[in-house]
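*Asks:* Take a look at the following structure, please.
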Amino acid sequence: MKEIDHLAYIHAIGIDYEDDQVIAYAQLISFSGLAKVEAGGSREKSTVTIGKATGETFNVATDRLYQAIQQGVSWGHVKGIVFTERALNRGLVREVIDVLDRYNETRHTIWTFATKEPIEQLFETTPFLDYSPYFSLLANPKNIYEQSSFIQPKRINEFIAASDEKAVVFPLPSLAIEEKSWTENKKEKPMLKMDGVCFLHRYNKQACIPRRQLDGLRWVTKGTERTPIYIQPNGKMIGTLVVRGPKANVSYEIKDGRPIFTVDVQATGSIIELLKNMPEKQIIEYATKTVKKEIEDLFQLGVKEGIDTLQLSNALYRQNVNDWRKYTTNGLVPLTKDTLGKINVKLSIDTYGKSKK
């Protein structure tokens with residue numbers, strides 16, 4: 001039996017492409033400090049080691065990582081995988097997933113991301129207060145999503161399942177480095193953040209969209225847990241409504257020989273800030289208009305970029321596969337400005353103060 005402390009544990013994998021070569025990165029972290037924290041001990045300064053190798057394919061590149069490593073390597077604890085946009089443009093996703101799918105150590109619960117950042121800088125960005133990279137956004141994105149749901153983190157099994165479906169456009173979260181928001185010991189502390197989404201169809205990149213243009217995505221994403229609506233009727237901030245667990249449903253009808261879709265959203269919320277008295281009816285009216293506008297803006301962005309951002313094609317496929325075959329091209333509904341007919345939003349407020357919900 002191998003001693004577990006004699007192995008090098010790969011924590012994250014990065015894939016880039018340059019000069020006709022696949023570049024593989026491996027992030028290694030020390031678990032000794034993590035064990036002390038979980039046992040109630042003090043934290044040690046985080047140590048991150050990054051390996052880099054190139055090859056004609058992803059597998060060749062990872063094999064070359066072994067040449068200069070001093071210990072046995074375990075791939076069974078990989079928590080995250082990051083593709084650069086160059087790798088996405090080259091179409092390396094299918095090749096990488098094929099290798100990971102065949103290798104017996106890697107799991108299908110790995111968190112999956114895209115990035116514009118250099119992989120080495122991304123992997124060197126560690127949490128504050130000397131927390132282990134084990135607790136970083138790269139390895140544990142679900143925790144923060146439960147508190148602030150905008151861009152949903154995705155696991156590799158979800159990626160594979162969606163990419164094998166002709167009707168699904170997969171929103172792959174994009175990671176970036178935020179250098180201005182936090183300081184530590186009077187020095188700027190770089191931190192990871194989700195800055196957008198790269199949409200892929202059948203493993204192929206369609207476009208990468210920044211977060212500021214994706215507010216509507218949270219209303220049509222299954223699993224959105226807690227997300228805010230800022231009440232600004234005249235451009236001046238007067239309150240915040242936190243919405244929990246919105247549920248979206250997409251239906252369609254055939255008009256003039258093509259499908260026209262309707263999106264219905266239901267949600268409940270809580271007022272957590274109100275700087276000026278406003279009737280409940282007026283708050284709900286403003287919040288409803290906000291949700292409708294964000295969904296409409298997301299749809300129109302999809303029309304402009306040629307991306308089915310609302311997953312209309314998948315809804316058609318699930319409801320009537322014969323209509324889906326009849327009205328789609330390469331599995332997707334051709335989008336025009338009036339493909340989306342109606343957006344119906346039903347919003348209610350259930351608390352105005354402290355609540356454990």
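The values are calculated or read from the model by the stated rules, or taken from the named source; none is laboratory data. From a predicted model like this one, the values you see are computed outputs, not experimental measurements. Please note: Cβ atoms are built from the backbone with ideal geometry, for glycine as well, and neighbour counts cover all protein chains shown. Ligands, DNA and RNA are stripped out before the accessible areas are found, and what is left, the full protein with its side chains, is counted by its heavy atoms. Shrake-Rupley method; radii C 1.70, N 1.55, O 1.52, S 1.80 Å.
*Asks:* For the stretch 155-216, take the alpha-carbon Rg, divide it by the Kirkwood Rh, and send me Rg/Rh.
*Replies:* In the stretch 155-216, Rg relative to Rh is 1.15.
*Asks:* Place +1 on the Cβ of every Lys and Arg and -1 on the Cβ of every Asp and Glu in the stretch 291-357, take the dipole about the Cα centre, and give the residue among Thr339, Thr351, Trp324 whose Cα lies farthest towards its positive end.
*Replies:* Of the candidates, Thr351 comes out farthest on the positive side.
*Asks:* A follow-up question, please. Beyond a 27 Å Cα-Cα separation, which of these cross-linked pairs lie in this structure: Lys116/Lys189; Lys52/Lys154; Lys222/Lys304; Lys79/Lys187?
*Replies:* Lys79/Lys187
*Asks:* Let me ask another. Under the rule of at least 5 residues apart or a separate chain, name every residue whose amide H is placed under 5 Å from the amide H of Gly306.
*Replies:* Amide H neighbours of Gly306, under 5 Å, 5+ apart: none.
*Asks:* Give the percent of DSSP beta bridges with both residues in the chain that are antiparallel, rounded to the nearest 5.
*Replies:* So the antiparallel bridges amount to about 70 percent of the total.
*Asks:* Contour minus end-to-end for Ala161 and Arg318, with contour as 0.36 nm per residue of separation and end-to-end as the Cα-Cα distance?
*Replies:* Full extension of this stretch gives 55.0 nm more.
*Asks:* Pick from Asn330, Asn157, Asn344 the residue whose mean-square fluctuation is largest in a GNM of the chain, springs joining Cα atoms under 10 Å.
*Replies:* Asn330
*Asks:* Then there's this: Given the -39500 (n - 2.57) contribution per DSSP H run of 4+ residues, what per-residue ellipticity at 222 nm results for the chain, rounded to the nearest 500 deg cm²/dmol?
*Replies:* Helix contribution divided over all residues of the chain: -7500 deg cm²/dmol.
*Asks:* Any idea how far apart Lys276 and Glu305 come out in nm if each label point goes 7 Å out from Cα toward Cβ?
*Replies:* 3.4
*Asks:* Over the Cα atoms of the chain, what is the Rg over Rh ratio if Rh follows Kirkwood?
*Replies:* On the Cα set of the chain, Rg over Rh gives 1.01.
*Asks:* For Val60 and Ser148 in one chain, what is 0.36 nm times their gap in residues minus the Cα-Cα distance, to one decimal in nm?
*Replies:* 27.7 nm
*Asks:* Beyond 24 Å, how much of the Cα-Cα pair distribution for the stretch 157-315 remains, as a whole percent?
*Replies:* Result for the distance tail: 47 percent.
*Asks:* Please get the size of the charge dipole for the chain, origin at its Cα centre, with Cβ charges of +1 on Lys and Arg and -1 on Asp and Glu, quoted in debye to the nearest 20.
*Replies:* With Lys and Arg at +1 and Asp and Glu at -1, about 1280 debye.
*Asks:* Hey, another quick one. Springs between alpha-carbon atoms under 10 Å, Gaussian network over the chain: tell me which of Lys116, Lys180, Lys154 tops the mean-square fluctuations.
*Replies:* Lys180
*Asks:* Could you state the orientation-averaged shadow area of the convex hull built on the Cα atoms of the stretch 235-336, in nm² to one decimal?
*Replies:* The number I arrive at for the stretch 235-336 is 8.2 nm².
*Asks:* Can you sort Glu124, Glu117 by solvent-accessible area, 1.4 Å probe, largest first?
*Replies:* Glu124, Glu117
*Asks:* Which net charge results when you count Lys and Arg as +1 and Asp and Glu as -1 among the other residues whose beta-carbon is under 15 Å from that of Asp323?
*Replies:* Every neighbour counted, the sum reads +4.
*Asks:* Using 0.36 nm per residue of separation minus the Cα-Cα distance, give me the extension gain between Phe128 and Arg258 in nm, one decimal.
*Replies:* 41.5 nm
*Asks:* Rounded to the nearest 0.05, what FRET efficiency is calculated for Tyr103 and Thr268 with R0 set to 45 Å and r the Cβ-Cβ distance?
*Replies:* Once rounded, the FRET efficiency stands at 0.50.
*Asks:* Given Cα pairs under 8 Å that are at least 6 residues apart, what percent is the relative contact order of the stretch 138-288?
*Replies:* Across the stretch 138-288, relative contact order equals 17 percent.
*Asks:* Please state the charge dipole magnitude for the stretch 92-201, taken about the Cα centre, from unit charges on C-beta atoms (+1 on K and R, -1 on D and E), reported in debye and rounded to the nearest 20.
*Replies:* That gives the stretch 92-201 a dipole magnitude of about 200 debye.
*Asks:* How much net charge surrounds Asp195 when only other residues with a Cβ under 10 Å from its Cβ are counted (Lys, Arg +1; Asp, Glu -1)?
*Replies:* Counting the neighbours of Asp195, the net charge comes to +2.
*Asks:* Here is a follow-up. What residue among Asp98, Asp256, Asp264 shows peak mean-square fluctuation when the chain is described by a Gaussian network model with Cα springs under 10 Å?
*Replies:* Comparing Asp98, Asp256, Asp264 in the GNM, the peak value goes to Asp256.
*Asks:* Can you check what the net charge comes to around Glu124, using other residues whose Cβ is under 13 Å from the Cβ of Glu124 (Lys, Arg +1; Asp, Glu -1)?
*Replies:* -1
*Asks:* Extent of the stretch 108-232 along each principal axis, from alpha carbon coordinates, in Å, largest to smallest?
*Replies:* Rounded to whole Å, the extents work out to 50, 40, 23 Å.
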